[in-house]
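The values are calculated or read from the model by the stated rules, or taken from the named source; none is laboratory data. Since we're looking at a predicted model, the values are computed, not measured. A quick note on method: Cβ atoms are made from the backbone with ideal geometry, for glycine too, and the neighbour counts reach across all protein chains shown. To get the accessible areas, we keep the full protein, side chains included, count just its heavy atoms, and leave off ligands, DNA and RNA. Shrake-Rupley method; radii C 1.70, N 1.55, O 1.52, S 1.80 Å.
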Amino acid sequence: TDDVYDHLDTMQGRVKRLESLIDGILHYSKIGKIMPESVDLNAMLRGDSKNYPDSTKVKFIKKGSLPIVYGDKIQLSQVVSNIISNAVKYNDKEVCEITVSSTETSNAYEITFADNGPGIAPKYHEKIFEIFQTLSEKEIYESTGLGLSIVKKILEKHQGSIRVESNGKLGTKFIITYPKVLKS
């Protein structure tokens, strides 16, 4: 009957969500040892932007050059990929614009990923980095609530940090502070 098919569809959706959740927990638990090497963030951004080849839907703007940092290439790739995929996934504009820039202080780099999406209300700026937290209903966007907590954990393992700036109305900036030198 139609009811049986509806129940089967619901079960399949929940199984997929559970698989995503288990996969995310595994990624979160594996963040440990860092295998440091020189990482060119310009090349990493170019590589990740190839996942979004339709420039009528997603537009990347790079202001200046990004730094070459020292860290675990796979983990840092996950940070960049996660921030970009969130910007695309939650964007409510016809064209998702992601602007990436970098500034330098005496002992760190500040790398900013800014998007033109709906923004994040200030009251959620800390909550979004907590494990299993999402701001949207699971029926609207498939999300495990692990992505930004993984990003935060990776950056902390690299002696860096991440913060968000947004008025909750237009656009979000994720600002990464990354050390010039990793301490042993």
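Mind telling me which of the residues SER136, SER143 ends up being at pLDDT below 75, assigned to a loop (DSSP other than H, G, I, E, B) and buried (at least 18 other Cβ atoms within 10 Å of the Cβ)? Don't jump to the end; show me each part of the working.
Numbers: SER136 fails: buried (at least 18 other Cβ atoms within 10 Å of the Cβ).
On inspection, the qualifying residue turns out to be SER143.
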**Checking GLY119 against (1) modelled with pLDDT of 90 or more; (2) touching a Lys or Arg at 6+ places or on another chain (Cβ under 6 Å), the condition it does not meet** = (1)
**Request:** Output yes when any residue across region 76-91 is open to solvent by 40 Å² or more (accessible area, probe 1.4 Å) and in a strand (DSSP E or B), and no when none is.
**Result:** no
**Asked** Just wondering, is there one or more residues in region 19-32 that are acidic (Asp, Glu), closer than 17 Å to HIS158 by Cβ and at pLDDT below 95?
**Response** no
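Return the residue satisfying two criteria in turn: it lies in region 63-75 and is under 12 Å from ILE111 (Cα atoms) and of a type in the set (Gly, Ala, Ser), and of such residues it is least open to solvent (accessible area, probe 1.4 Å). Step through it out loud before you land on a result.
Here is the first cut: in region 63-75, the residues under 12 Å from ILE111 (Cα atoms) are 63-69.
This time we only want the ones that are of a type in the set (Gly, Ala, Ser), so: 64-65.
Details: GLY64: 56, SER65: 85 Å².
Checked region 63-75; the qualifying residue least open to solvent (accessible area, probe 1.4 Å) is GLY64.
Can you tell me which of GLU110, GLU94 is touching a strand residue (DSSP E or B) at 6+ places or on another chain (Cβ under 9 Å), among the acidic types (Asp, Glu) and modelled with pLDDT of 85 or more?
On the way: GLU94 fails: touching a strand residue (DSSP E or B) at 6+ places or on another chain (Cβ under 9 Å).
None of the other options fit; the residue is GLU110.
Only residues that are more than 18 Å from SER161 (Cβ to Cβ), in a strand (DSSP E or B) and open to solvent by less than 50 Å² (accessible area, probe 1.4 Å): list them for region 92-120, please. Don't jump to the end; show me each part of the working.
Initially, region 92-120 is screened for residues more than 18 Å from SER161 (Cβ to Cβ), giving 92-99, 115-119.
Subset that is in a strand (DSSP E or B): 96-99, 115.
The answer is CYS96, ILE98, THR99, ASP115.
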**Message:** For a quick check of your reading of the model, give me the residue pairs whose first member lies in region 34-55 and is at pLDDT 90 or above, whose second is surrounded by fewer than 12 Cβ atoms within 10 Å (Cβ to Cβ), with beta-carbon atoms closer than 7 Å and at least 6 apart or on different chains.
**Reply:** ASN42/SER65
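Could you pull out the residue among ASP115, ASP92 that is of a type in the set (Asp, Glu) and closer than 19 Å to LYS152 by Cα?
Values: ASP92 fails: closer than 19 Å to LYS152 by Cα.
Every option except ASP115 fails the conditions.
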